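Asker: What follows is a structure written as structure tokens; I'll ask about it next.
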Amino acid sequence: MNKQQVVDQLLAGQSCQAGQDSGEVFAPTNIALCKYWGKRDATLHLPQNSSLSIALPALGCWTRISVIDAAQDEIWHEAQCLPVESGFAQKISAFLDLFRTREDYHFKVQTRANIPIAAGLASSACGYAALIKALAQLFAWQLSRQDLSILARLGSGSAARSFWSDFVVWHKGLRDDGMDSFAESLSIDWPEFKVALLMVTEAQKPVSSREGMQRTVKTSPLYRIWPTKAEADFMQMQAALQARDFCTVAAMAEQNALLMHATMQNAVPPVDYWQTASVAHMQTVWALRRQALPVYFTMDAGPNIKLLFPAAVLDQVRAAFPTLQLAN
Ligand code: PMV
């Protein structure tokens with residue numbers, strides 16, 4: 001099955017007539033506590049394992065889309081019209097091809113974000129989710145959030161999780177067409193669960209997560225244990241979240257991230273997102289825990305670190321990491 005077939009199936013019976021303008025929509029970014037790493041279907045972005053994330057509702061991407069009378073799309077990012085041949089514009093136009101209900105529909109996409117792009121801060125997650133939300137408004141689709149989550153997954157896997165502002169699960173699903181591989185909210189209200197960013201660099205990562213995953217699945221002997229362990233973490237973490245058991249959730253999140261990075265570093269050649277500063281931050285976290293401070297970390301496909309801690313210890317965590325940026 002290809003992406004177009006999935007889109008056609010989901011949009012059967014929906015309006016093919018675009019309005020003039022979607023208005024600006026927002027999608028939050030999300031940070032996985034149980035990571036998605038590795039695909040069972042590279043075309044439809046179907047994951048090897050289910051994953052679980054926390055949304056960062058104040059960080060994300062704003063997008064507006066309109067139909068223009070032009071021979072090609074216009075992609076604007078941060079108030080700049082991108083050259084058609086830029087990688088970013090090409091990716092967006094290729095994704096929009098899936099939704100061009102008339103050959104002559106060309107779109108103007110205006111997008112802005114308050115997180116750096118491709119630095120391991122899930123910019124593609126909120127980017128594709130916002131694009132799907134904007135398209136849904138432009139065409140006035142009557143779709144559930146689960147269906148929107150499936151459409152966004154076709155842009156980037158983790159985008160499936162960017163439609164809610166709390167703890168979210170993305171079911172890996174078993175079907176070949178991926179219609180059971182969508183995300184949903186756990187409806188857990190837990191404002192004391194804090195996430196803070198430790199920026200090591202805003203530079204774009206040298207290896208995309210797409211390529212990193214592929215290489216890991218193909219060449220890392222350690223990857224063999226990942227799908228089973230990740231699925232077990234996914235189940236146990238949900239129970240710990242329901243119990244509001246901070247240390248269990250955060251300890252599992254840190255271990256899950258470390259195992260994911262171990263599988264990458266075991267690939268040939270290694271997929272290595274770590275920088276000296278990332279490791280120094282990890283060591284500080286471990287030292288703080290030896291002093292009984294409940295602070296943990298997670299890390300994605302980039303060198304930046306995300307700290308996890310209960311709101312009650314914010315002052316102590318800030319004293320140890322004066323540059324931290326509170327993210328929720
Ligand atoms: O959705 P992608 O292709 O950007 O991959 C995301 C991979 C991780 O951020 C490392 C893990 C995750 O679950 O978000």
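What follows draws every value from the coordinates through simple rules; no lab data is involved. In this text, all values refer to a predicted model and were calculated from it rather than measured experimentally. Cβ sites come from the backbone with ideal geometry, for glycine too, and all protein chains shown count toward neighbours.
Asker: If contacts are Cα pairs under 8 angstrom and at least 6 residues apart, what is the relative contact order of the range 98-184 in percent? Display every interim value, and only then the final one.
Answerer: Numbers: 96 pairs, mean separation 19.4, N = 87.
Dividing the mean separation by the residue count of the range 98-184 yields 22 percent.
Asker: Once the piece of chain linking Ala312 and Trp76 is laid out straight, how much longer is it, given 0.36 nm per residue of separation minus the C-alpha distance between them?
Answerer: Values: separation 236, 0.36 × 236 = 84.96 nm, distance 4.12 nm.
Full extension of this stretch gives 80.8 nm more.
Asker: Report, in degrees rounded to the nearest 10, the 0 to 90 angle that the Cα long axis of helix 226-242 makes with the longest principal axis of the chain.
Answerer: In the chain, helix 226-242 runs at an angle near 80 degrees to the longest axis.
Asker: Let me check against my output: what whole-number percent is the relative contact order of the range 177-328, with C-alpha pairs under 8 Å and at least 6 apart? Present the calculation step by step, with values, prior to reporting the outcome.
Answerer: Working: 176 pairs, mean separation 59.5, N = 152.
Once divided by the residue count of the range 177-328, the mean separation gives 39 percent.
Asker: Quick check on the range 97-187: take the gyration tensor over C-alpha atoms, sort the square-rooted eigenvalues as a ≥ b ≥ c, and tell me if it's rounded (a/c under 1.5), prolate or oblate.
Answerer: Numbers: a/c = 1.75, a/b = 1.17, b/c = 1.49.
Oblate.
Asker: Next up: What net charge is computed for the residues neighbouring Leu44, neighbours being all others with C-beta under 15 Å from the C-beta of Leu44, Lys and Arg scored +1, Asp and Glu -1? Please list the in-between numbers first.
Answerer: Details: positive: Lys3, Lys39, Arg40, Arg153, Lys172, Arg175, Arg210; negative: Asp8, Asp41, Asp147, Asp176, Asp177, Asp180.
Result for the local shell: +1.
Asker: Continuing with the same structure: Convex hull over the Cα atoms of the range 197-238, averaged projected area in nm²?
Answerer: For the Cα atoms of the range 197-238, the hull's average projected area reads 4.7 nm².
Asker: In a Gaussian network model over the chain where Cα atoms closer than 10 Å are linked, find which of Val168, Val268, Val295 has the largest mean-square fluctuation.
Answerer: Of the options given, Val268 has the highest mean-square fluctuation.
Asker: On to the next question. Can you tell me the alpha carbon radius of gyration of the range 190-261 divided by the globular rule-of-thumb value 2.2 N^0.38 Å? Provide the component values of the computation, followed by the final result.
Answerer: Numbers: Rg = 15.0 Å, N = 72, 2.2 N^0.38 = 11.2 Å.
It is 1.35.
Asker: Among DSSP beta bridges whose residues both lie in the chain, state the antiparallel percentage, nearest 5. Don't skip to the end; give the middle numbers.
Answerer: Details: 41 of 45 bridges.
Here the antiparallel bridges make up roughly 90 percent for the chain.
Asker: For Thr263, what charge total do you get from the other residues with a beta carbon under 13 Å from its beta carbon, if Lys and Arg give +1 and Asp and Glu give -1?
Answerer: Details: positive: Lys35, Arg215, Lys218, Arg224, Lys229; negative: Asp272.
It works out to a net charge of +4.
Asker: Now for a separate question. Could you work out which residue, out of Glu202, Glu254, Glu211, moves most in a Gaussian network model of the chain, that is, has the largest mean-square fluctuation with Cα springs under 10 Å?
Answerer: Top of the fluctuation ranking is Glu211.
Asker: Then there is this: How would you rank Phe107, Phe88, going from fewest to most other Cβ atoms within 10 Å of each one's own Cβ?
Answerer: Values: Phe107 24, Phe88 15.
Ranking Phe107, Phe88 by Cβ neighbours within 10 Å, fewest first, gives Phe88, Phe107.
Asker: Neighbouring Cβ atoms within 10 Å as the yardstick, rank His45, His261 fewest first.
Answerer: Ordered from fewest to most neighbouring Cβ atoms within 10 Å, His45, His261 come out as His261, His45.
Asker: Over the range 138-278, what number does the Rg to Rh ratio reach, with both radii from the alpha-carbon atoms and Rh per Kirkwood? The partial results should precede the final answer.
Answerer: Details: Rg = 16.9 Å, Rh = 17.3 Å.
Ratio of gyration radius to Kirkwood radius: 0.98.
Asker: Would you be so kind as to identify which of Gly60, Thr323, Ser162 lies farthest towards the positive end of the dipole of the chain, taking Lys and Arg as +1 and Asp and Glu as -1 on Cβ and the Cα centre as origin?
Answerer: Value computed over the given set: Thr323.
Asker: For Ser50, list long-range residues whose amide hydrogen, built 1.01 Å from N in the peptide plane, is under 5 Å from its own amide hydrogen.
Answerer: Lys172
Asker: Shifting gears a bit: Provide the gained length on full extension for the span Arg102 to Trp286, in nm with one decimal, where the gain is 0.36 nm per separating residue minus the Cα-Cα distance. Don't jump to the answer; show the numbers that get you there.
Answerer: Numbers: separation 184, 0.36 × 184 = 66.24 nm, distance 5.61 nm.
Using 0.36 nm per residue and subtracting the Cα-Cα distance, I get 60.6 nm.
Asker: Sticking with this one: Sorted from fewest to most neighbouring beta carbons within 10 Å, what does the list Ser144, Ser50 look like? Don't skip to the end; give the middle numbers.
Answerer: Working: Ser144 12, Ser50 21.
So the residues, fewest neighbours to most, are Ser144, Ser50.
Asker: So, R0 is 51 Å and r is the distance between the beta-carbons of Asn114 and Thr43; what FRET efficiency does that work out to, to 0.05? Don't skip to the answer; put the middle values down first.
Answerer: Details: r = 31 Å, r/R0 = 0.61.
E(calc), rounded to 0.05, equals 0.95.
Asker: When the Cα atoms of the range 215-306 are enclosed in a convex hull and the volume is divided per residue, what value in Å³ results? Each step should come with its number before you reach the end.
Answerer: Details: hull volume 8.3 nm³, N = 92.
Per-residue hull volume (Cα only) is 91 Å³.
Asker: Tell me, what HN-Hα J-couplings in whole Hz come from the Karplus equation 6.51 cos²θ - 1.76 cosθ + 1.60 at θ = phi - 60° for each residue of the range 251-263, using x for Gly and Pro?
Answerer: 5, 5, 4, 5, 5, 5, 5, 5, 5, 4, 5, 5, 5
Asker: Still on this structure, I have one more. If I take the Cα coordinates of the range 257-328 and project them onto the principal axes, what are the three extents in Å, biggest first?
Answerer: If we take the Cα atoms of the range 257-328, the spans are 42, 24, 19 Å.
Asker: Taking only Cα atoms and a 10 Å spring cutoff, compute GNM fluctuations for the chain and point out the largest among Ala301, Ala280, Ala160.
Answerer: Looking only at Ala301, Ala280, Ala160, the largest GNM fluctuation is found for Ala280.
Asker: Moving on to the next point. Can you give the translational diffusion coefficient of the range 54-97 in µm²/s, computed by Stokes-Einstein from the Kirkwood radius over Cα pairs at 37 °C and 0.692 mPa s? Write out the running numbers ahead of the final one.
Answerer: Values: Rh = 12.1 Å.
In µm²/s, the coefficient is 271.
Asker: At a temperature of 10 °C and a viscosity of 1.306 mPa s, determine how fast the chain diffuses translationally according to Stokes-Einstein, using the Kirkwood radius over alpha-carbon pairs as Rh; express D in µm²/s, rounded to the nearest whole number.
Answerer: On the way: Rh = 20.3 Å.
In µm²/s, the coefficient rounds to 78.
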